[in-house]
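In what follows, a structure is listed as structure tokens, so that the remarks can point back to it.
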Amino acid sequence: MSRAEAPAVPETVEAVESVESVGTAGTAGAVGAPGLPGGPGVTGRRAQTTAGFLALFRSELLLTFRRMRTIVLLGILGVLPVLIGVVVRIETDGSQGGGGPAFIAQVTQNGLFLVFTSLAVALPIFLPMTVGVVAGDSVAGEAAGGTLRYLLVAPAGRTRLLAAKFTAGLAFCLAATATVALAALATGAALFPLGEVTLISGETIGLGPALLRAVLVALVVAASLSGLVAIGLFISTLTGSGIAAMAATVSLVITVQILDSFPQLHAIQPFLFTHHWLSFGDLLREPMYWDGVLKNLGLQAAYVAVFGSAAWSRFTSRDITA
């Protein structure tokens, strides 16, 4: 099938042409460097591999963040902290004795705490659902639309393409988390005072150190979703329907969350990828507790290794473009 038959996928064709041009340049560099210590063409092949991956990664980022669905999802995540802040403000203005949940008192005392509150609200449901949609559609969506075959005809390699899709999924996790955090920070600054922050353990830190902790918490939250990206990518290689892959990934997140809430299943709960998601709260203590955070990151790394390998095996060994 020629490129002229696919006018509706300019980003994909552009990625193919970028990879093909990189391959040509890399080959020329390999032939023209006979004196390199690693043997003829070693540096050229490495440059070709790196440049080819970067071209695919750039293409995946453009495809992900140009989609209207992605923009809408990020918009919903950005509205969530605004709604929480407005509700807390109304509740505070309408209350007489300062009652209500403990987190309301924390937010009203310092708007920066809205960042932590919004992430705690978004992480169990909203963030994993948006990440599940993007990860689940990463391969199956392109296979269903017929655009995946255009990438596979380029000398890029399926392994490199899958790695680019996974890395783009991690980039979306970071973008989604940053959207929640920045919207919460702006809303908190507009509706509540900013200043010293009282931590969960009772100590008080200045605004600068508190902002650094907010950045650290956001990074941990984004990393907590890496296992879900690998799971969604694997599910996406099992079907040629993007909608089915997205639905299966989101349904899996909901199911695991339900299983994690039953005390009778305490024996398996530490192995569920959602179990340690809220461990970032330990970073709001003085000193910071890292045990739960490290368990969470280690568990996510294990899920990435297992489901990333499964996705690679499926993607490289079967025809998923038919």
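The values are calculated or read from the model by the stated rules, or taken from the named source; none is laboratory data. Since this is a predicted model, take the numbers as computed values, not measurements. With ideal geometry, Cβ positions are generated from the backbone for all residues, glycine too; neighbour counts draw on all protein chains shown.
Would you pick out the residues in region 288-303 that are within 18 Å of residue 256 (Cα to Cα) and hydroxyl-bearing (Ser, Thr, Tyr)? Scanning region 288-303 gives a single hit, 303. How many of the residues in region 129-145 are modelled with pLDDT of 60 or more and touching a Gly at 6+ places or on another chain (Cβ under 6 Å)? Residues that pass the stated criteria total 7.
Those helices (runs of 4 or more DSSP H) of region 194-279 in which at least 1 residues are of a type in the set (D, E, K, R) and at negative phi, considering only elements entirely within it, cover 207-224. All conditions but one from (1) modelled with pLDDT of 85 or more; (2) buried (at least 16 other Cβ atoms within 10 Å of the Cβ) apply to residue 71; the one that does not is (2).
Of 242, 281, all but one fail to be buried (at least 20 other Cβ atoms within 10 Å of the Cβ) and modelled with pLDDT under 90; the exception is 242. Within the set 223, 305, the sole residue that is buried (at least 18 other Cβ atoms within 10 Å of the Cβ), in contact with a helix residue (DSSP H, G or I) (Cβ under 9 Å, 6 or more places away or on another chain) and modelled with pLDDT of 95 or more turns out to be 223. Screening the candidates 103, 113, 126 for the property of being among the aromatic types (Phe, Trp, Tyr), closer than 24 Å to residue 257 by Cβ and at pLDDT 80 or above yields one hit, 126.
Out of curiosity, is residue 44 modelled with pLDDT under 65 and exposed (fewer than 13 other Cβ atoms within 10 Å of the Cβ)? No, not satisfied.
Beta carbons closer than 7 Å, at least 6 apart along the sequence or on distinct chains, pair a first residue in region 241-260 that is assigned by TED's automatic domain parsing to the domain that holds residue 135 with a second that is in a helix (DSSP H, G or I) and surrounded by fewer than 15 Cβ atoms within 10 Å (Cβ to Cβ) for 259/265. Only one of the numbered conditions (1) surrounded by fewer than 21 Cβ atoms within 10 Å (Cβ to Cβ); (2) closer than 19 Å to residue 135 by Cβ is not met by residue 298, and that is (2).
Looking across region 169-180 at every residue that is surrounded by fewer than 24 Cβ atoms within 10 Å (Cβ to Cβ) and over 8 Å from the mean Cα position of the chain (by Cα), the one that is farthest from residue 54 (Cα to Cα) is identified as 179.
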